[in-house]
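I have placed the structure first, in the form of structure tokens, so that the comments after it can refer back to it.
The values are calculated or read from the model by the stated rules, or taken from the named source; none is laboratory data. Predicted, not measured: the structure shown is a model, and the values here were computed from it. Glycine gets a Cβ as well: all are built from the backbone with ideal geometry, and neighbour counts include every protein chain shown. Please note that ligands, DNA and RNA were not included when accessible areas were found on the heavy atoms of the full protein model with its side chains. Shrake-Rupley method; radii C 1.70, N 1.55, O 1.52, S 1.80 Å.
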Amino acid sequence: MSQAPDYKEAGRRLFAATWDFFHAANSLEVLPAAEGVEIALAGRSNVGKSSLINALTNRNALARTSHTPGRTQELIFFSAGTPLTLVDMPGYGYAKVSDQKVKAWTRLIHDFLRGRVNLARVLVLIDSRHGLKTTDDAVLKTLDKAAVVYQVVLTKIDEIKPAELEKRLAETQAALAKRPAAFPQIIATSSRTGAGMEELRAAIALIVAERSGATS
Ligand code: GTP
Ligand code: MG
């Protein structure tokens, strides 16, 4: 059920508002109240999670980005005063930080993803140059087990040719078909060029509408 075109305007409005940081949490004990509709961005370190938040919200430096893997070190919550909250997460897989930190983040990521009651969807970001990796499996497994719906967003498509993108889309689609909690629609994006941003905003607006009971 892809109704993205119908929600284009709603998506535009949702992200035309002024988005701001409102909370950072390095453990489950200090999370903000579980209210409203939350959408979290998960993915390997350096895949472009924080950059995607900036592109979605039309803010250059709302979420901190870096060339070096391991930039985002806590769960970072953003809001525009509407029921929607976006959650930037530390990356998994590899990072230029200590093993101890990576372990702590990995635990935090998994605990948050499986336990957060108002998590409406998880956007799992995959670098379009590389596709799904074995390091993504653990997180997808956690989400499948917890029955939290997740949607794959391919990132950095400005770095690859259209034919390679088609191939990546097809192989990712095939891999997801076997996964119980995977949402079938994959969105291909570039935070650098803005490609896919309208589609992603519309998909998010549809989730918000569904959660608020506004769809028929
Ligand atoms: P961690 O917080 O370390 O897990 O990383 P992250 O997933 O938040 O990635 P971040 O947004 O910090 O971006 C990592 C690097 O990828 C930066 O050098 C960005 O400039 C680059 N990048 C992000 N999005 C794009 C994109 O759409 N295209 C290209 N070419 N580079 C991108
Ligand atoms: Mg980040």
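If you go through the range 157-189 and keep only what is in a loop (DSSP other than H, G, I, E, B) and touching a Gly at 6+ places or on another chain (Cβ under 7 Å), you end up with just T189. Select from the range 40-64 the residues that are modelled with pLDDT under 95 and over 22 Å from K133 (Cα atoms) and write down the one among them that is farthest from ligand 2 (Cβ to nearest atom). Among those that are modelled with pLDDT under 95 and over 22 Å from K133 (Cα atoms), it is N58.
If you filter the range 105-136 down to residues that are under 22 Å from I157 (Cα atoms) and in a helix (DSSP H, G or I), you find that the one that is least open to solvent (accessible area, probe 1.4 Å) is D136.
Residues checked against (1) touching a helix residue (DSSP H, G or I) at 6+ places or on another chain (Cβ under 7 Å); (2) over 19 Å from V47 (Cα atoms); (3) without any contact (Cβ under 8 Å) to a residue 12 or more places away in the chain:
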residue	(1), (2), (3)
K161	no, no, yes
L169	no, no, no
L176	no, no, no
R179	yes, yes, no
S190	yes, no, no
T193	yes, no, no
I204	yes, yes, no
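Only one entry of A181, A203 meets the criterion of being more than 29 Å from H67 (Cβ to Cβ), among the aliphatic types (A, V, I, L, M) and more than 16 Å from ligand 1 (Cβ to nearest atom), and that entry is A181. Can you find, within the range 77-101, the residue that is nearest to S27 (Cα to Cα) among those that are open to solvent by 30 Å² or more (accessible area, probe 1.4 Å) and in contact (Cβ under 8 Å) with a residue 12 or more places away in the chain? Checking each candidate, the answer is K101.
Of all residue pairs spaced 6 or more apart or on separate chains, those with beta-carbon atoms under 9 Å, a first member in the range 31-53 that is farther than 15 Å from I76 by Cα and open to solvent by 20 Å² or more (accessible area, probe 1.4 Å) and a second member that is within 16 Å of ligand 2 (Cβ to nearest atom) and in a strand (DSSP E or B) are R44/Y92; R44/L125; R44/I126; R44/D127; N46/D127. Just for the range 17-39: of the residues that are more than 14 Å from ligand 2 (Cβ to nearest atom) and part of a strand (DSSP E or B), which one is farthest from S191 (Cα to Cα)? For the range 17-39, the residue satisfying everything is A25.
Test of understanding: among E38, E9, which residue is more than 17 Å from the chain's Cα centre (by Cα) and of a type in the set (D, E, K, R)?
One residue alone meets the criteria, E9.
Residues of the range 1-15 that are of a type in the set (A, V, I, L, M, F, W, C) and either modelled with pLDDT under 95 or under 16 Å from S212 (Cα atoms) (or both): M1, A4, A10, L14.
Being out of contact with any Lys or Arg (no Cβ under 7 Å at 6 or more places or on another chain), open to solvent by 20 Å² or more (accessible area, probe 1.4 Å) and not charged (D, E, K, R) is a property that T172 lacks. Taking the criterion of being more than 18 Å from T193 (Cα to Cα), of a type outside the set (G, A, S) and in a loop (DSSP other than H, G, I, E, B), the residues of the range 40-71 that qualify are R64, T68, P69, R71. Residues of the range 60-73 being open to solvent by 20 Å² or more (accessible area, probe 1.4 Å), within 21 Å of I157 (Cβ to Cβ) and either touching an Asp or Glu at 6+ places or on another chain (Cβ under 9 Å) or hydroxyl-bearing (S, T, Y) (or both), which ones? Those that are open to solvent by 20 Å² or more (accessible area, probe 1.4 Å), within 21 Å of I157 (Cβ to Cβ) and either touching an Asp or Glu at 6+ places or on another chain (Cβ under 9 Å) or hydroxyl-bearing (S, T, Y) (or both): T65, S66.
Inspect the range 138-148 for any residue being in contact with a helix residue (DSSP H, G or I) (Cβ under 7 Å, 6 or more places away or on another chain), touching a residue at least 40 places away in the same chain (Cβ under 8 Å) and open to solvent by 50 Å² or more (accessible area, probe 1.4 Å) and give the result as yes or no. Looking through the range 138-148, none of the residues is in contact with a helix residue (DSSP H, G or I) (Cβ under 7 Å, 6 or more places away or on another chain), touching a residue at least 40 places away in the same chain (Cβ under 8 Å) and open to solvent by 50 Å² or more (accessible area, probe 1.4 Å).
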